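Some notes on the structure that comes next.
The values are calculated or read from the model by the stated rules, or taken from the named source; none is laboratory data. Predicted model, so just to flag it, every value in this text is computed and none were measured. Please note: Cβ atoms are built from the backbone with ideal geometry, for glycine as well, and neighbour counts cover all protein chains shown. Just the protein is used for accessible areas: all its heavy atoms, side chains included, with ligands, DNA and RNA removed. Shrake-Rupley method; radii C 1.70, N 1.55, O 1.52, S 1.80 Å.
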Amino acid sequence: MKKLLLIVIGMGFIVGCGNDDDGLGGIAIPPRTLSEVAPEDDAELQEFLSTHFYNYEDFQSPVDPNFDYQIIIDKIEGENADKIPLIDQVGTLEVKVSSFEFGLGDDEEDIIHKLYYLSAREGIGEDPSVADSVFVRYNGRFLDGIPFDGSDSGLWFDLARIQAPLQGARGFTEGVSLFNAGQIPVEQPSDGTFTAEGFGVGAIFMPSGLAYFNSGQGIIGPYTPIMFDVQVLTLNFADHDNDGVPSIQEDLNQNGYLYDDNTDQSNEEEIQGASLVADLLDIDDDGDGVLTRTEISDADGNIIFPYPDSNNDGTPDYLDADIQRDPNE
């Protein structure tokens, strides 16, 4: 059975609970399966995207200088009957989701979930990864348009934390990583507000398996697809454990999910009472007693790249428990 990995990094986002559904009369109803709910959610999302449009004309050149780059979604009907449906303008990202991410054991692994994303304006800045932190203006809504969360001034989000087991809204992480950030002018307003130029603008439409699945959160009920519109203002590239290896490089299997990469998991499982720690949070990734930062640095503390591989076996020293590299020895 897969075990949940230790999660100790902070975030500014709604955090899901791990409770099962409550049945009538207080009788607990077993959670539904990911493979059962995913196609139902996808059908609901496709129906929504086929019958709704966004204010794409506002984003077309020339753009009104007073336009606030807010995405507005409405139904295709009446005077809007000739609008282009979202289904013809969105991209699709397939994400593999496993039941252990919701604390439901390991009965289901790598169940495909479709996330739909709309790029209304491509940002001119750098591209965040699923491991980085972003400063975002956003609105979270149900498919009927009712809001459940949002910030017009912007908040910092740790995208790595949002995708962690039991946190929920992994689709937010996957979706935001598809949009480029803006650029930050040197001169900022004197009133304490924050401005960015050329920031990416988009929307994310996600099934419940990439949101809160069986637990729900606040007014979000179980098995509820949700959507976000976002403005990605800026970002910080993350190294969560400050070991010198950027967090996105700790995704060793390169599947975009950071919590199934744990180089010294077998050693941790043998230590009574020890927690499992994913590589992005582990300062000694291979568990050999020598810190990762030490094994990738020279005698002056400068990080060496490519990372040292003393025995030339294709595995860097910091991931090779048979090599205890100390540049000072």
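For this structure, a couple of remarks:
- Residue that is surrounded by the fewest Cβ atoms within 10 Å (Cβ to Cβ), among those in region 208-228 that are touching an Asp or Glu at 6+ places or on another chain (Cβ under 7 Å) and of a type in the set (S, T, N, Q): 214
- Checking each residue in region 175-191 for being open to solvent by less than 40 Å² (accessible area, probe 1.4 Å) and either of a type in the set (Val, Ile, Thr) or touching a Ser or Thr at 6+ places or on another chain (Cβ under 8 Å) (or both) picks out 176, 177, 179, 181, 182, 185.
- Region 28-74, subset polar (S, T, N, Q) and under 25 Å from the mean Cα position of the chain (by Cα), residue nearest to residue 143 (Cα to Cα): 46
- You will find that of 262, 255, 267, the residue that is of a type outside the set (D, E, K, R) and over 30 Å from residue 113 (Cα atoms) is 267 and no other.
- Leading residue by the ranking (most open to solvent (accessible area, probe 1.4 Å)) among those in region 310-329 that are part of a loop (DSSP other than H, G, I, E, B), within 22 Å of residue 261 (Cα to Cα) and acidic (Asp, Glu): 322
- So residue 194, is it touching a residue at least 24 places away in the same chain (Cβ under 8 Å) and open to solvent by 10 Å² or more (accessible area, probe 1.4 Å): yes
- Residue in region 215-230 that is at pLDDT 95 or above, within 30 Å of residue 306 (Cβ to Cβ) and among the acidic types (Asp, Glu) present: no
- Checked against (1) open to solvent by less than 20 Å² (accessible area, probe 1.4 Å); (2) over 17 Å from the mean Cα position of the chain (by Cα); (3) closer than 22 Å to residue 94 by Cβ, residue 205 passes all but a single condition, namely (2).
- Residue identified as at pLDDT 95 or above, open to solvent by 50 Å² or more (accessible area, probe 1.4 Å), in contact with a Phe, Trp or Tyr (Cβ under 8 Å, 6 or more places away or on another chain) and not basic (Lys, Arg) among 146, 112, 76, 72: 72
- Contact annotation: residue pairs with Cβ atoms under 7 Å, 6 or more positions apart or on different chains, pairing a residue in region 204-221 that is within 17 Å of residue 145 (Cβ to Cβ) with a partner that is among the polar types (S, T, N, Q) and in a loop (DSSP other than H, G, I, E, B), are 211/224.
- Test: residue in region 86-109 that is at pLDDT 95 or above, part of a loop (DSSP other than H, G, I, E, B), more than 27 Å from residue 50 (Cα to Cα) and aliphatic (A, V, I, L, M): no
- For region 229-248, filtering for residues that are open to solvent by less than 30 Å² (accessible area, probe 1.4 Å), in a strand (DSSP E or B) and closer than 28 Å to residue 278 by Cα leaves 3.
- Of everything in region 79-109 that is open to solvent by 80 Å² or more (accessible area, probe 1.4 Å) and under 17 Å from the mean Cα position of the chain (by Cα), the residue that is nearest to residue 178 (Cα to Cα) is 94.
- Residue count for region 287-309 satisfying the condition of being at positive phi and surrounded by 12 or more Cβ atoms within 10 Å (Cβ to Cβ): 1.
- Enumeration of residues in region 254-286 that are at pLDDT below 95, assigned to a loop (DSSP other than H, G, I, E, B) and open to solvent by 30 Å² or more (accessible area, probe 1.4 Å): 254, 255, 271, 272, 273, 274, 275
- The residues in region 119-134 that are assigned to a strand (DSSP E or B) and open to solvent by 30 Å² or more (accessible area, probe 1.4 Å) can be counted, and the count is 2.
- Index of the failed condition, residue 228 passing every other in (1) out of contact with any Lys or Arg (no Cβ under 8 Å at 6 or more places or on another chain); (2) under 27 Å from residue 200 (Cβ atoms): (1)
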